[in-house]
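The values are calculated or read from the model by the stated rules, or taken from the named source; none is laboratory data. Please read these numbers as outputs of a predicted model, since none were measured by experiment. Cβ placement follows ideal geometry from the backbone for every residue including glycine, while neighbour counts extend to all protein chains displayed.
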Amino acid sequence: MIELYYWTTPNGHKITIFLEEAGTPYKIFPVNIAKGEQFEPDFLKIAPNNRIPAIRDTTPKDGGAPISIFESGAILEYLAEKEGKFLPSATRAKFEVLEWLYWQMAGLGPMAGQNHHFVQYAPDRIPYAMERYIKETNRLYGVLNKQLEGREFIAGDYSIADMACYPWIVPYERQKQQLEDFPNLKRWFEAIAARPAVQRAYAKAKEINDAPTVSQAAHTVLFGQTAR
């Protein structure tokens, strides 16, 4: 059984998509980040960076004690290796998938996240910051569009690379992007959205949180933290 500590963000959706695709038994433990539940001591024991998602595997492959993992990319890689699904074993194919997984973790996610912050949440409109991240998001869409030319999926077969990238494209309108400008990306996006497992993952999200608007109180919790 996988215990999934989750909230309805792009990084959270990555993991529910994998678990639904793989048919892995799991239980969701909601962590409402707008209420500061990510700072609870029990959660910090498995996710010291106070971010979702995190997992606790009660039946690890080595047969040992339960193992906990934080960071969505690491979780995807762990689950793929455990289940033997969505990550090739052959060296060249495996590292092509991992390249694009890490590309999402280091590029698409952080840049789109900053886009969301300055376009949607920042209390002051800062034109330079908005333009900077809208343009960088656009550049990254272009990189992915080029990679998808002549390919059904990002790295050959459907993989954790697709699962990692898709949730960060879902809010493309909020990111001030138009999918029509990226025909290969648009075709891929629509194909992923039509997958039954993906639809089930997003349906679970609506059951848990059907009002994702960030209130003023939540804004302070999400964006006002320091080391202290």
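In summary, helices (runs of 4 or more DSSP H) completely within region 133-228 and bearing 1 or more residues that are touching a Phe, Trp or Tyr at 6+ places or on another chain (Cβ under 6 Å) and modelled with pLDDT of 95 or more occur at 160-169, 183-193. Is it the case, given these coordinates, that Tyr158 is farther than 22 Å from Lys14 by Cα, touching a residue at least 60 places away in the same chain (Cβ under 8 Å) and either surrounded by fewer than 19 Cβ atoms within 10 Å (Cβ to Cβ) or of a type in the set (Phe, Trp, Tyr) (or both)? Against the criterion (farther than 22 Å from Lys14 by Cα, touching a residue at least 60 places away in the same chain (Cβ under 8 Å) and either surrounded by fewer than 19 Cβ atoms within 10 Å (Cβ to Cβ) or of a type in the set (Phe, Trp, Tyr) (or both)), Tyr158 does not qualify. Within region 78-126, the set of residues being modelled with pLDDT under 95 and of a type in the set (Lys, Arg) comprises just one member, Arg125. Among the numbered conditions (1) without any contact (Cβ under 8 Å) to a residue 40 or more places away in the chain; (2) under 18 Å from Ala164 (Cβ atoms); (3) aromatic (Phe, Trp, Tyr), the only one that Trp7 does not meet is (1). If you check Ile28, Ile69, Ile52 for being surrounded by 16 or more Cβ atoms within 10 Å (Cβ to Cβ), on the phi < 0 side of the Ramachandran plot, among the aliphatic types (A, V, I, L, M) and outside any strand (DSSP E or B), only one passes: Ile52.
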